[in-house]
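Colleague: Quick one: the structure is below, questions incoming.
Derivation of every value follows stated rules applied to the coordinates shown; laboratory data play no part. Please read all numbers here as calculations on a predicted model, not as lab measurements. Positions of Cβ are generated from backbone atoms using ideal geometry, with glycine treated the same way; all protein chains shown enter the neighbour counts.
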Amino acid sequence: MAEDLNWAVGGEAGDGIDSTGKIFAQALARAGRHVFTSKDFASRIRGGYTAYKIRTSVEEVQSVVDRLDILVALTQRTIDENLDELHDGSAIIYDGERSWEAEIPDEMTAVDVPLKSLAEDAGGAIMRNIVALGAACEITGFDVEYLDEALEKRFGGKGSQIVENNKEAARLGQEYVAENYDLEHLGYSVETTDNDYVLLNGNEAIGMGAIAAGCRFYAGYPITPATSIMEYLTGRIEDYGGHVVQAEDELSAINMALGGARAGARAMTATSGAGIDLMTETFGLVATSETPLVIADVQRSGPSTGMPTKQEQGDLNMALYGGHGEVPRFVITPTSITECFWKTVEAFNLAEKYQTPVFLVSDLAMSVTEQTFPPEAFDMDDVEIDRGKLVDDDEVDEWLDAQGHFRAHAVTDDGVSPRAIPGTVDGAHMSTGLEHDELGRRTEDQDERVQQVDKRYRKVETAQEEENWDYREFGDEDADNLIISWGSNEGALVEALDYLKEDGIDVRVISVPYIFPRPDLSEEIEAADDVIVVECNATGQFADLIEHDVLTRVKRINKYTGVRFKADELAEQITEQLSAEVPA
Amino acid sequence: MSAFNAIGEEREIDRDEYTPGVEPQPTWCPGCGDFGVLKSLKQALPEAGKTPEEVLTVTGIGCSGKLNSYLDTYGFHTIHGRSLPVARAAKLANPELEVIAAGGDGDGYGIGGNHFIHTARENHDITYIVFNNEIFGLTKGQTSPTSPKGHKSKTQPSGSAKTPLRPLSTSLNAGASYIARTAAVNPNQAKEIIKEAIEHDGFAHVDFLTQCPTWNKDARQYVPYVDVQESDDYDFDVNDRAEAAEMMRETEDVLNEGTVLTGRYYVEDDRPSYSQEKHAVGEMPDQPLAERYFDDDAEWERSYDLLERHT
């Protein structure tokens, strides 16, 4: 298990908790340490308890644990909220000059530092959290100089005086603890390495993946916890020739992304919670008009407004089944922050190759967690772009019918039709949410209807054959115990293996990033004695799918011509099916 | 030079180019005002120098939504109420396209009302034609946002309790920079207004009175009509917001009394569009978003410096 140190700063929303924590995380990453952060926060701007927690080690850390070694407490509530995680060896940094009387359990070490007074000595009370960071450095033996670069990054824009004041504040905190306390017996030390790490969260990884994948148009409407994707792209995507639009609502956001995509730009939107409900209206149009679109859903606790700042993986069924009628789509769920980057790139390629909506389903936990990675984990040279059957003015003529009309929905073997962008000579065509023929003209002809439905689903079949839908695997491949998970639980599961191993329990972990299409796990399930599906929701949406996949196969009679079943026809088909083989 | 070869093509354009080879005959009811919109577009687009393949028409749901089935351009028939977000985004992605959005009064002033307000507010450089027949036609005659107060229908058998929405005033308050009303029964004016709307830089909103002889039983045919620019009875400055507001209000009031006023109501030429505003602050690149990396040989930028910001 990783030799880790667990540190947190907590106070009221509005106390600068987030930026204080981020500065410490950056300093640790700079010092060649791995970092995994988490946040306790509420949906309010001021007041209410909030905390930024850091787990750090020289080894990779992929999860939070229930232990807190050093806590910077700006309020009593910060202490109270974390009593379960604090232990006998914990050190709590607080400001004894403040009006609240700190109640700290006797077995813990109370480190009273006049944060505000020292901050004033350095140039302003606002820097009290930085004083606390300096104090934390002293307790852990972490060189206060590592904070300098992070402070320059954070405050550089405000002028060198501000940066210098902050550096001074950190030193005053460090010196105060050195002079007044002897805490070596606590045994905390922070080893540094020469490794270079990048520090980023899941939403930043999605944003970075989008730009790297050539996304040049983003439309969104603010909603926690998806907004930070939009904020990441704004101010960055412009450097690559892109643009971000803030729409008036989510209905508009997804339709704008759709409009951008139809005009030829790689486009995406991202949302969460009720936002994905509104966007559901447009899923079918994206699919029937065969427009490439990436829709990211950063899940949060539902239903309705639910718990907007809390974790849940409750939107799986929505991503799979949302929308009336039958909507061909891909559903991808990144399992780590690096995978947020790579799966975003993949989502854009799948969207354009197969001209379908691609759902990129992430979650709150991943969106707010900052984690360190070696830069090679995001090697831009490995990013490949495939725009699929986009036709230019030379190729467009290959797809005209005898009268010269462009066959935007041509029925092909692989189900994929050519795509001509408005502005291309000879490419003019209709596209519509109505059922249509090859030319995009509306139709209710039964044969044409069936041809187009089949063609759209044939794209999924083609993708199933041609693309990679593998799972990720950890632990003991031959173990009798099989754990299956999707999305962001992977990191915690991988670390849980260490705990289980200590107790002599071997498990095989399968982490699934593809929900539709998804890998066939029937052999793996067959081979295991015990199968457990892990997910952050109440009803086990993925477990239902896994059970479904290994159920007895039935024969099927389907009709989608737009005409209801007729008795004689049914009798005939039933007879036919009774003598047919059960599908695999 | 655009990567899309239809854009900026200089040549003689025949009106017939806009008539599609398949489905040249619209299925609208005989006497329907929608024919008037189609005809005016077929006349105005060539006169404005636009070839069919540099035009994108985006429609909503309703009888009006069939417009681009009968007009040979790049057409996108969207869902109810959402034509404007699609249209304005397409224009942002490729400003060299001529983008025309169209829909009915239910589509634009009802279910899509929020998008109408915000598209006008942001002054996107597109043309928006609202087929206003004061009724839901395709669903067979229910009350619409512009149906007169007291108008009886199957869904409002005792008569509508609502005062009709004021399309022109709403548009002005929201921020449209070209606002006009025309009528299918006045084809010459309609063509001129549509052409002006296409040529206008900014959000051009045309409230197009399209009589529904089938479902609006007490339907006016919108005759006789009066052109407020040509009539001596009306004198106001289309560049003056206050005078325009007053003229719009009167126009909306008298329509339900049987007087059909049409013409240009408000024109603001120098107001920057959303795209221009964003370009001025460096948030909208010079090169159309859609053109970047269009060619097969395009070298995708490797975004190394993105990663550097995380160290």
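Colleague: How much net charge surrounds A:ASP549 when only the other residues with a Cβ under 14 Å from the Cβ of A:ASP549 are counted, with Lys and Arg +1 and Asp and Glu -1?
Modeller: Working: positive: A:ARG518, A:ARG553; negative: A:ASP520, A:GLU523, A:GLU524, A:GLU526, A:ASP544, A:GLU547.
Spelling it out: positives minus negatives among the neighbours equals -4.
Colleague: What do you get for the angle between helix B:241-255 and the principal long axis of chain B? Use alpha-carbon atoms, 0 to 90 degrees, nearest ten.
Modeller: 50
Colleague: A:ASN201's amide H: which non-local residues (gap 5+, or another chain) put their own amide H closer than 5 Å, with H modeled 1.01 Å from N in plane and none for Pro or chain starts?
Modeller: A:GLN371
Colleague: Taking 8 Å as the Cα distance limit and 6 or more residues as the minimum spacing, I'd like the relative contact order of the stretch A:5-196 as a percentage. Mind dumping the intermediate values first?
Modeller: Working: 384 pairs, mean separation 42.5, N = 192.
After rounding, I find 22 percent.
Colleague: Can you give me the angle between helix A:273-288 and the longest principal axis of chain A, using Cα atoms only, in degrees from 0 to 90, rounded to the nearest 10?
Modeller: On a 0 to 90 degree scale, this one is about 30.
Colleague: Also: Where Rh denotes the Kirkwood radius from the mean inverse Cα pair distance, what is Rg over Rh for the stretch B:19-310?
Modeller: In the stretch B:19-310, Rg relative to Rh is 1.01.
Colleague: Next question. I need the phi-derived Karplus couplings for the stretch A:398-409: 6.51 cos²θ - 1.76 cosθ + 1.60, θ = phi - 60°, integer Hz, Gly and Pro marked x.
Modeller: Once θ is set to phi - 60°, the couplings for the stretch A:398-409 become 5, 10, 8, 7, 4, 8, x, 8, 6, 9, 5, 10 Hz.
Colleague: Which whole-Hz ³J(HN,Hα) couplings does the stretch A:455-463 yield from phi under the Karplus relation 6.51 cos²θ - 1.76 cosθ + 1.60, θ = phi - 60°, glycine and proline marked x?
Modeller: Rounded to whole hertz, the list is 4, 5, 6, 5, 4, 5, 4, 4, 4.
Colleague: With everything on Cα atoms, drop me the angle between helix A:128-140 and the longest principal axis of chain A, reported from 0 to 90° to the nearest 10.
Modeller: Approximately 80 degrees, to the nearest ten.
Colleague: Grab the eigenvalues of the alpha-carbon gyration tensor for the stretch A:5-196, scale each by 5, take roots, and send me the semi-axes largest first in whole angstrom. Walk me through the intermediate numbers first.
Modeller: Details: eigenvalues 90, 81, 61 Å².
For the stretch A:5-196, the semi-axes come out at 21, 20, 18 Å.
Colleague: Show the residues, 5+ positions off or on another chain, whose built amide H is closer than 5 Å to the amide H of A:ARG33.
Modeller: Counting only residues 5 or more places away or on other chains, the set is A:THR193.
Colleague: Next up: Per residue of A:246-257, what is the mean number of Cβ atoms on other protein chains within 10 angstrom of that residue's Cβ? Spell out each step's value before the answer.
Modeller: Numbers: counts 0, 6, 8, 4, 0, 8, 12, 2, 3, 14, 11, 3.
Mean inter-chain Cβ contacts per residue within 10 Å come to 6.
Colleague: Using the structure shown, select from A:LYS53/A:LYS167; A:LYS310/A:LYS455; A:LYS167/A:LYS310; A:LYS53/A:LYS153 the pairs with a Cα to Cα distance greater than 31 angstrom.
Modeller: Flagged as over cut-off: A:LYS310/A:LYS455; A:LYS167/A:LYS310.
Colleague: Another one. Go ahead and estimate [θ] at 222 nm for chain A from helices alone: -39,500 (n - 2.57) per DSSP H run with n ≥ 4, summed, over the residue count, rounded to 500.
Modeller: Numbers: 18 runs with 209 residues, N = 584.
After summing the helix terms and dividing by residue count, I get -11000 deg cm²/dmol.
Colleague: Here's a follow-up. Give me the distance in nm between label points sitting 7 Å out from Cα along the Cα-to-Cβ direction at A:ASP277 and A:LYS559, one decimal.
Modeller: 3.6
Colleague: For each of A:GLU191, B:GLU299, count neighbouring Cβ atoms within 10 Å of the residue's Cβ, then give the residues from fewest to most. Intermediate results must be reported in sequence, preceding the final value.
Modeller: Numbers: A:GLU191 13, B:GLU299 7.
Fewest to most other Cβ atoms nearby, the residues stand as B:GLU299, A:GLU191.
Colleague: A follow-up question, please. Using θ = phi - 60° and the Karplus form 6.51 cos²θ - 1.76 cosθ + 1.60, what ³J(HN,Hα) does each residue of the stretch A:175-187 get, whole Hz, x for Gly and Pro?
Modeller: Calculated HN-Hα couplings, in order: 5, 4, 5, 4, 7, 10, 10, 10, 10, 4, 5, 5, x Hz.
Colleague: Tell me, what is the percent relative contact order of the stretch A:395-466, built from C-alpha pairs under 8 Å that lie six or more residues apart? Write down the numbers at each step before the final one.
Modeller: Details: 105 pairs, mean separation 21.0, N = 72.
Once normalised by length, the contact order is 29 percent.
Colleague: Which value in Å does the Kirkwood hydrodynamic radius of the stretch B:8-116 take, with 1/r averaged over all unlike C-alpha pairs and then inverted?
Modeller: Values: mean 1/r = 0.0703 Å⁻¹.
Its Kirkwood hydrodynamic radius stands at 14.2 Å.
Colleague: Provide the net charge surrounding A:GLY220, with neighbours chosen by a C-beta distance below 10 Å and charges set as Lys +1, Arg +1, Asp -1, Glu -1.
Modeller: Numbers: positive: none; negative: A:GLU231, A:GLU250.
Its environment carries a net charge of -2.
Colleague: Here's another thing I want to ask about it. Based on the alpha-carbon gyration tensor of the protein assembly as shown, what equivalent-ellipsoid semi-axes (square roots of 5 times the eigenvalues) come out, in whole Å, largest first? List each step's numbers first, then the result.
Modeller: Details: eigenvalues 613, 247, 120 Å².
Each semi-axis is the square root of five times an eigenvalue, giving 55, 35, 25 Å.
Colleague: Moving to a separate point now. Can you tell me how much longer the chain between A:GLU384 and A:ASP454 gets when fully stretched, taken as 0.36 nm per residue apart minus their C-alpha distance, in nm with one decimal? Let's see the in-between values first.
Modeller: Values: separation 70, 0.36 × 70 = 25.20 nm, distance 2.93 nm.
Gain on extension, A:GLU384 to A:ASP454, equals 22.3 nm.
Colleague: Still on this structure, I have one more. When only C-alpha pairs under 8 Å and at least 6 residues apart count, what is the relative contact order of chain A, in percent? Intermediate results must be reported in sequence, preceding the final value.
Modeller: Numbers: 1231 pairs, mean separation 63.6, N = 584.
Over chain A, the number comes to 11 percent.
Colleague: What distance in nm separates the two pseudo spin-label positions at A:THR539 and A:ASP121, each 7 Å out from Cα along the beta-carbon direction?
Modeller: About 6.0 nm separates the two model spin labels.
Colleague: Compute the signed sum of charges (Lys and Arg +1, Asp and Glu -1) over the other residues within less than 9 Å, Cβ to Cβ, of B:ALA184.
Modeller: On the way: positive: B:LYS39; negative: B:ASP34.
Charge balance near B:ALA184 sits at 0.
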